[in-house]
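S.K.: This is the structure I have questions about; it appears just below.
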Amino acid sequence: MAVSLLIVGAFLIFSLFLGLKAKRGKDMDLEQWTVGGRGFGTMFVFLLMAGEIYTTFTFLGGSGWAYGKGGPALYILVYGTLAYVLSYWLLPPIWTYAKEKNLMSQSDFFVSKYKSPMLGVLVSLVGIAALIPYLVLQLKGLGIIVSEASYGAISPVISVWIGLITVTVYVMLSGIHGSAWTAVVKDLLILVIVVFLGIYLPIHYYGGFQPMFESIEAAKPGFLTLPDSGMSISWFISTIILTVFGYYMWPHTFASAYTAQNAKVFKKNAFLMPLYSVVLIFVLFVGFAAILKVPGLKGADGDLSLFRLSMQTFDPWMIGLIGAAGLLTALVPGSMMLMAAATLFAKNVYKAAVPSATDQQVAKLAKYLVPVIALIAAFFTFNGGNTIVTLLLMGYSLVTQLFPALLFSLFRSRFVTKQGAMAGIIAGVSIVAYTTLAGTTIGGLFPALPQPVKDLNIGIAALFFNVIFMLGVSALTRSSHVNKAADEEKTA
Amino acid sequence: MKPLYLLAIFPVIGFFGGLSFANRVEPYVLGLPFLFFWIILWVALTSVIMAVIYRFDPANKEEL
């Protein structure tokens with residue numbers, strides 16, 4: 001039993017060591033700290049971005065979804081793949097512009113494109129609001145992992161604190177270099193473990209994939225496909241569209257696009273990444289294998305299915321390795337999120353309010369905000385109750401509202417004004433906040449609509465009103481002044 | 001808009017358009033329920049399509 005904990009602990013120390021080592025010899029100004037001096041090649045950007053995909057949500061949540069929801073869990077494979085297709089055209093212009101203007105955060109992009117620090121404040125606040133629940137999710141995952149790996153000897157509360165302190169320390173010391181190096185270790189470990197579990201467990205317990213799926217189908221008919229109502233085909237498609245648009249809108253993902261050496265890195269990643277995401281199917285297999293072997297996990301406890309099935313199958317040292325992989329899936333994205341939130345606040349909220357602040361002051365503030373944000377996340381982790389999935393979906397719906405304003409800023413003709421961009425984001429975010437807090441669905445609001453429309457993800461409706469407001473207000477506020485600004489930039 | 005870029009529409013058609021007939025368990029392919037096989041097939045095809053676009057996109061040659 002202590003063996004599993006020792007292994008998890010060893011990986012924890014090792015990742016700290018990598019973070020410290022990565023820092024040596026680099027002058028840590030804000031650009032080095034947040035975007036790695038824009039010197040990362042295909043492999044590192046690939047790993048950083050992959051690092052953000054394989055979070056505890058996919059590791060524990062992916063198997064938990066397969067366990068609890070069945071066929072609809074396949075959406076996890078599709079949205080990533082389609083987001084990479086989009087990235088081929090979306091990321092190179094973002095990177096080129098960011099390099100030219102020396103941008104560091106996601107909000108910088110909006111500020112620079114729309115020439116509006118106020119818009120930057122709004123985008124930052126939306127980003128931070130969306131990041132907090134995502135961070136809480138990683139911490140909850142950490143709590144589950146460390147306490148399961150200790151076979152209950154360490155309580156989830158203490159596990160969360162251990163993880164939290166580790167993430168904070170290494171973000172403060174090494175910034176993004178630490179994340180990139182830990183991402184390398186993490187990805188190797190998680191690939192091996194996930195593929196192994198996904199193949200071994202179905203064969204060990206059922207004698208193969210087909211027998212496993214046949215017994216699930218016999219026990220729960222229809223579980224392996226999309227149902228006719230609820231998580232139906234229209235839910236599947238609308239949720240994927242929403243998450244594809246939101247995929248690169250997360251402040252930390254957006255900012256990691258700045259770390260690349262050149263724009264070609266993304267185009268190469270666009271065909272490498274889908275292959276990598278195939279690995280997710282093995283995570284789902286683990287959840288499916290658990291359905292008949294560790295039955296009875298209800299609701300959020302489905303996230304425990306991977307660990308519970310592993311514990312009844314393997315020796316403690318193996319549980320230690322699985323725990324270590326899980327730990328790293330929380331550390332890497334967790335550190336990216338912390339850093340993104342801290343940079344956003346320091347650079348785009350504080351600096352907008354106090355324009356006289358020097359770059360050194362902003363960099364210092366960003367660093368000291370890391371533990372503050374970590375503590376806020378810890379507060380919600382301990383007081384958030386069971387609403388974690390609701391919060392994550394809310395986070396995704398929130399960041400997606402930034403997509404229309406971003407997309408229109410990339411076009412040569414600047415139809416959308418800063419007022420339009422703000423109106424759209426505010427409209428979209430308000431609808432998301434209201435519907436999430438009130439627990440409303442389209443079907444609940446309009447019971448007379450046909451079933452496929454009722455099953456649409458409500459984020460789509462928010463996105464629709466977002467675009468309407470954005471275009472409407474832009475048409476009203478569009479002045480010769482805006483035209484002039486756009487023309488100046490074109491000729492510059 | 002280069003005609004080559006139109007290839008990128010196929011993953012969308014494959015994933016979404018195919019659902020109405022691919023949303024079934026039978027027949028099993030490679031031990032997987034048909035819906036699972038269909039999704040994985042299209043993830044792989046998407047990778048191939050994007051590799052083709054990358055390879056033949058003249059924009060990538062300019063930077064060499």
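The values are calculated or read from the model by the stated rules, or taken from the named source; none is laboratory data. This is a predicted model, so every value here is computed, not measured. When we count neighbours, we look across all protein chains shown, and the Cβ atoms used for this are built from the backbone with ideal geometry, even at glycine.
S.K.: Give me the residue from segment A:421-453 that is over 27 Å from the mean Cα position of the chain (by Cα) and of a type outside the set (A, V, I, L, M, F, W, C) and, out of that set, surrounded by the most Cβ atoms within 10 Å (Cβ to Cβ).
M.R.: A:Gly443
S.K.: Just a yes or no: is a residue in segment B:7-30 over 28 Å from A:Trp235 (Cβ atoms) and of a type outside the set (A, V, I, L, M, F, W, C)?
M.R.: no
S.K.: Here's another thing I want to ask about it. Please go through (1) closer than 23 Å to A:Gln401 by Cα; (2) more than 14 Å from chain B (Cβ to nearest Cβ) for A:Thr259 and return the number of the only condition it doesn't satisfy.
M.R.: (1)
S.K.: Is it fair to say A:Leu309 is modelled with pLDDT of 80 or more and in a helix (DSSP H, G or I)? Walk me through how you get there before you give the answer.
M.R.: Values: modelled with pLDDT of 80 or more: yes; in a helix (DSSP H, G or I): yes.
Answer is yes for this residue.
S.K.: In addition: Just to be sure, is A:Leu402 crowded, with 23+ Cβ neighbours inside 10 Å, modelled with pLDDT of 80 or more and under 24 Å from A:Ala73 (Cα atoms)? Steps first, please.
M.R.: Working: crowded, with 23+ Cβ neighbours inside 10 Å: yes; modelled with pLDDT of 80 or more: yes; under 24 Å from A:Ala73 (Cα atoms): no.
Here the answer is no, as A:Leu402 does not meet what is asked.
S.K.: Which of (1) farther than 30 Å from A:Tyr200 by Cα; (2) out of contact with any Ser or Thr (no Cβ under 9 Å at 6 or more places or on another chain); (3) of a type in the set (A, V, I, L, M, F, W, C) does A:Ala366 not meet, given it meets every other one?
M.R.: Of the numbered conditions (1) farther than 30 Å from A:Tyr200 by Cα; (2) out of contact with any Ser or Thr (no Cβ under 9 Å at 6 or more places or on another chain); (3) of a type in the set (A, V, I, L, M, F, W, C), the odd one out for A:Ala366 is (2).
S.K.: Which of the residues spanning segment A:410-427 are at pLDDT below 85 and of a type in the set (Gly, Ala, Ser)?
M.R.: Selection gives A:Ser413 alone.
S.K.: What's the number of the condition A:Leu297 fails, among (1) assigned to a helix (DSSP H, G or I); (2) closer than 19 Å to A:Gly62 by Cβ?
M.R.: Going through the list (1) assigned to a helix (DSSP H, G or I); (2) closer than 19 Å to A:Gly62 by Cβ, A:Leu297 breaks only (1).
S.K.: Looking only at helices (runs of 4 or more DSSP H) that fall completely inside segment A:397-451, which ones have 2 or more residues that are hydroxyl-bearing (Ser, Thr, Tyr)? Step through it out loud before you land on a result.
M.R.: Details: elements: A:403-410, A:418-438, A:442-445.
Filter on segment A:397-451 gives A:418-438.
S.K.: On the basis of being among the small types (Gly, Ala, Ser), at pLDDT 85 or above and at negative phi, does A:Ala130 make the cut? Talk me through it step by step, then tell me what you get.
M.R.: Details: among the small types (Gly, Ala, Ser): yes; at pLDDT 85 or above: yes; at negative phi: yes.
When the stated conditions are applied, A:Ala130 passes them.
S.K.: Report yes if some residue within segment A:89-111 is within 10 Å of chain B (Cβ to nearest Cβ) and not hydroxyl-bearing (Ser, Thr, Tyr); otherwise report no. Walk me through it before giving the result.
M.R.: Of all residues in segment A:89-111, those within 10 Å of chain B (Cβ to nearest Cβ) come to A:89, A:92.
This time we only want the ones that are not hydroxyl-bearing (Ser, Thr, Tyr), so: A:89, A:92.
Within segment A:89-111 (the criterion being within 10 Å of chain B (Cβ to nearest Cβ) and not hydroxyl-bearing (Ser, Thr, Tyr)), the answer is yes, since at least one residue qualifies.
S.K.: Moving on to the next point. In this structure, does A:Phe380 turn out to be at pLDDT below 85, over 17 Å from the mean Cα position of the chain (by Cα) and within 13 Å of A:Leu131 (Cβ to Cβ)?
M.R.: Working: at pLDDT below 85: yes; over 17 Å from the mean Cα position of the chain (by Cα): yes; within 13 Å of A:Leu131 (Cβ to Cβ): yes.
Spelling it out, A:Phe380 is indeed at pLDDT below 85, over 17 Å from the mean Cα position of the chain (by Cα) and within 13 Å of A:Leu131 (Cβ to Cβ).
S.K.: Something else now. Sort out which residues of segment A:97-149 are outside any loop (DSSP other than H, G, I, E, B), over 20 Å from the mean Cα position of the chain (by Cα) and basic (Lys, Arg), and write them in order of number.
M.R.: A:Lys99, A:Lys101, A:Lys113
S.K.: Given A:Phe236, A:Phe254, A:Phe271, which one is within 15 Å of B:Leu19 (Cα to Cα) and either facing chain B (nearest Cβ under 10 Å) or touching a residue at least 12 places away in the same chain (Cβ under 8 Å) (or both)?
M.R.: Of A:Phe236, A:Phe254, A:Phe271, the one residue that is within 15 Å of B:Leu19 (Cα to Cα) and either facing chain B (nearest Cβ under 10 Å) or touching a residue at least 12 places away in the same chain (Cβ under 8 Å) (or both) is A:Phe236.
S.K.: Is one or more of the residues making up segment A:439-461 at pLDDT 85 or above, in contact with a helix residue (DSSP H, G or I) (Cβ under 7 Å, 6 or more places away or on another chain) and more than 20 Å from A:Val126 (Cα to Cα)?
M.R.: no
S.K.: Please give the number of the condition A:Thr225 fails out of (1) part of a helix (DSSP H, G or I); (2) in contact (Cβ under 8 Å) with a residue 40 or more places away in the chain; (3) at the interface with chain B (Cβ under 10 Å from one of its Cβ atoms).
M.R.: (1) is the only condition that A:Thr225 fails.
S.K.: A:His204 - would you say it is in a helix (DSSP H, G or I), surrounded by 17 or more Cβ atoms within 10 Å (Cβ to Cβ) and more than 14 Å from chain B (Cβ to nearest Cβ)? Break it down stepwise before answering.
M.R.: Numbers: in a helix (DSSP H, G or I): yes; surrounded by 17 or more Cβ atoms within 10 Å (Cβ to Cβ): no; more than 14 Å from chain B (Cβ to nearest Cβ): yes.
No, not satisfied.
S.K.: Restricting attention to segment A:58-87, report how many residues are at the interface with chain B (Cβ under 9 Å from one of its Cβ atoms), over 17 Å from the mean Cα position of the chain (by Cα) and modelled with pLDDT of 85 or more.
M.R.: Total satisfying the criteria: 2.
S.K.: Every residue in segment A:269-289 that is more than 16 Å from A:Thr58 (Cβ to Cβ) and surrounded by 23 or more Cβ atoms within 10 Å (Cβ to Cβ), please.
M.R.: A:Asn269, A:Ala270, A:Ala289
S.K.: Okay, next question. Can you confirm whether segment A:163-174 contains a residue that is at pLDDT below 85 and over 22 Å from the mean Cα position of the chain (by Cα)?
M.R.: Yes: one or more hits.
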